[in-house]
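Read-outs throughout are calculated quantities, based only on the coordinates presented, and are distinct from any laboratory measurement. Being a predicted model, the structure only gives us computed values, none of them experimental. Neighbour counts run over all protein chains shown; Cβ positions are idealised from the backbone, glycine included.
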Amino acid sequence: MSSGSRQQTDAQPPPVRKQVTVTRLAEMKDAGEPIVMVTAYDFPSAQVAEDVGVDIVLVGDSAANCVLGYDSTVPVGMEEMTMLASAVRRGLKTPLLVGDLPFGSYESSNELAIASAQAMVKQAGCDAVKLEGGGASVDRARAIIGAGIPVMGHVGLTPQTATALGGMKAQGRTAEKAIKVAEDAIALDRAGCFSIVIEAVPQAVSEMIADRLNAPTIGIGAGNSTAGQVLVLHDLTGINTGHVAKFVKRYSDVRSEMKRGLAAYAEEVRSGAFPGPEHVYSVEPSELDELRRRLNPEDIESSYSWDWEPLP
Ligand code: KIV
């Protein structure tokens, strides 16, 4: 048997990945199986997340900075978020899709929170939503869960209210401040959140908090004691420029690669090297002769009924 046919006979079909559900995430936590979460804001990134087999994809309101060019997450609205989340939905099958509720879409009442969460599920096809903070957000989370939509909480550094927290900086670095983060996390856990993101909190503090929760915790800048990790796609792949937080690890340099490709294209257009013969369509010479005979602008003009502007 040739090695070619042996390969064919022995080839295994790719393993069928099971749909990630909130129940599956709880099982992963119990089994000590790390949960991989990443953000995505468009169809091709969602396809990559699907191919790689991540567990949770978050259409984060970090889209505001990463793809919409705002300088914080505050200005992004529901219309923008549902449009981005719908595109991500079309690229995903197996990961759990979580839509971030943007600033102003849930804080003021349970009714508003439920309506916004329903839009994320109904219009955009999300499986769950995420909201930030404790306090009134705990009531909002409980109301949304009561309406049948799973909720992910988010404590520690909550970018939507970063100004009130003293800026985009680590939280819970004193016992008093850490207690506040823990209270928020415990309240969200008891309200029934299926998972809680802990952002920019010392590892030792996040470990103590995670130990006291039923829900799997997902850390970002919270060390490695959480049940899973999340990073912003544009930070980890190097699409973003400029300053990144201490907790970001760059795994690739996509922006340099995009620049290299785009600069090479511009260079070839300017030098005439692109398009080359391999990029153009051919036509039979007899058809070209026929075209030459018939391509008479005056005949074409007279075959249309409207008044033609004379060419300058
Ligand atoms: O919007 C976002 O990207 C987030 C993650 C950082 C958790 O909230």
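Details
- Separation between Cα centres of region 272-302 and region 161-228, rounded to whole Å: 66 Å
- Charge dipole (Cα centre; +1 on Lys/Arg Cβ, -1 on Asp/Glu Cβ; no other charges) of the chain amounts to roughly 1380 debye.
- Computed from label points 7 Å out along Cα-Cβ, the spacing between R90 and E111 is 3.4 nm.
- Taking other C-beta atoms within 10 angstrom as a stand-in for reagent exposure, F194, F43 fall in the order F43, F194, fewest first.
- Pairs of alpha carbons in region 155-312 whose separation is greater than 28 Å (percent): 55 percent
- Estimated FRET transfer efficiency (Q19, V283; beta-carbon r; R0 41 Å; 0.05): 0.25
- Kirkwood hydrodynamic radius of region 12-61, Cα pairs, Å: 12.1 Å
- Distance histogram for region 259-302 (every C-alpha pair counted, 5 angstrom bins, percent rounded to whole numbers): 5, 17, 13, 13, 12, 12, 13, 10, 5, 1
- Above-threshold pairs, the threshold being 26 Å between Cα atoms, out of K93/K246; K177/K246; K169/K259; K180/K246: K93/K246; K169/K259
- In a reduced charge model with +1 at each Lys and Arg Cβ and -1 at each Asp and Glu Cβ, region 80-216 shows a dipole moment near 280 debye about its Cα centre.
- Options S252, S271, P297, ranked by Cα towards positive dipole end of the chain, top entry (Cβ charges): S252
- Sorting D139, D55, D211 by the number of Cβ atoms found within 10 Å of their own Cβ, with the fewest placed first, yields D211, D139, D55.
- Contour excess over end-to-end distance, with Cα ends at E33 and T161 and 0.36 nm allotted per residue: 42.9 nm
- Cα convex hull of region 74-174, projected area averaged across orientations, nm²: 6.9 nm²
- V197 long-range amide H proximity, modeled H, under 5 Å: G153, H154, V155, I218
- Neighbourhood net charge (15 Å Cβ-Cβ; Lys/Arg +1, Asp/Glu -1) for A141: -4
- Semi-axes of the equivalent ellipsoid of region 17-253 are 23, 20, 19 Å, computed as sqrt(5λ) over the eigenvalues of the C-alpha gyration tensor in descending order.
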